[in-house]
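The values are calculated or read from the model by the stated rules, or taken from the named source; none is laboratory data. Since this is a predicted model, take the numbers as computed values, not measurements. Counting neighbours? That spans all protein chains shown, and the Cβs are built from the backbone with ideal geometry, glycine included.
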Amino acid sequence: MSTQPLPLNLTKTIKISAGDSLANIASEVLGDYSSWRELAVMNDIDIFKAIEIGQTLTIPTKEEAERRFKDQAAIEINGINKEVQSRVKEILNSREVKTITKLLGINIDQDKILKDLDLSSISKSLSAPTKAERIRKALKTSSYEPEVPIWRIIDWVLTFALIINISLLYLPNII
């Protein structure tokens, strides 16, 4: 199955043939044998089981893989956040903490502690669309208004072209 490393913008599918391994496929298709785990994750393959001959693998684009891993990380962080928040509430409401705070004469602001331990902002930043995804989405909608008006971009391009032409005309005479 000798192939060239996959260009960054093309999704590809391949069929497993005799003698193939995820490491070999990752090396030949992605250019890096150590990416075999990512291939397994992207194709929902149990790494402790043998891959089957004839099985089809999807080789994602770099953007697709990045988005999928970020989405998965966001899901895991949300789960961890819920567990942390639940456990902290449980601890703060325990008889032991109530006894200790009463003996020390302090008040615990449970809401502040929970807010300080909140991981949801990390999760939101991971699940937020990438710059490339925002641009692609904006270009697909008819209401897209670029930050810089198109006439300004055309003006810059024409000015740049004029500067290049003038430079090519006069630069040889100067040197």
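A few notes on this one:
- Selection within segment 37-64 - of a type outside the set (A, V, I, L, M, F, W, C), in contact (Cβ under 8 Å) with a residue 24 or more places away in the chain and assigned to a loop (DSSP other than H, G, I, E, B): 52, 54, 55, 60, 61
- Single residue of 112, 82 found to be farther than 29 Å from residue 41 by Cβ and either among the charged types (D, E, K, R) or surrounded by 13 or more Cβ atoms within 10 Å (Cβ to Cβ) (or both): 112
- Every residue from segment 3-35 that is at pLDDT below 85 and assigned to a loop (DSSP other than H, G, I, E, B): 3, 4, 5, 6, 7, 8, 9, 10, 11, 31, 32
- Yes/no for residue 117 being modelled with pLDDT under 85 and more than 17 Å from residue 12 (Cβ to Cβ): yes
- Among (1) modelled with pLDDT of 85 or more; (2) acidic (Asp, Glu); (3) under 21 Å from residue 72 (Cβ atoms), the one test that residue 38 misses: (1)
- For segment 52-65, taking the residues that are surrounded by 15 or more Cβ atoms within 10 Å (Cβ to Cβ) and closer than 17 Å to residue 28 by Cα, the one that is farthest from the chain's Cα centre (by Cα) is identified as 57.
- Sole residue being out of contact with any His (no Cβ under 9 Å at 6 or more places or on another chain), modelled with pLDDT under 85 and acidic (Asp, Glu), chosen from 96, 133: 133
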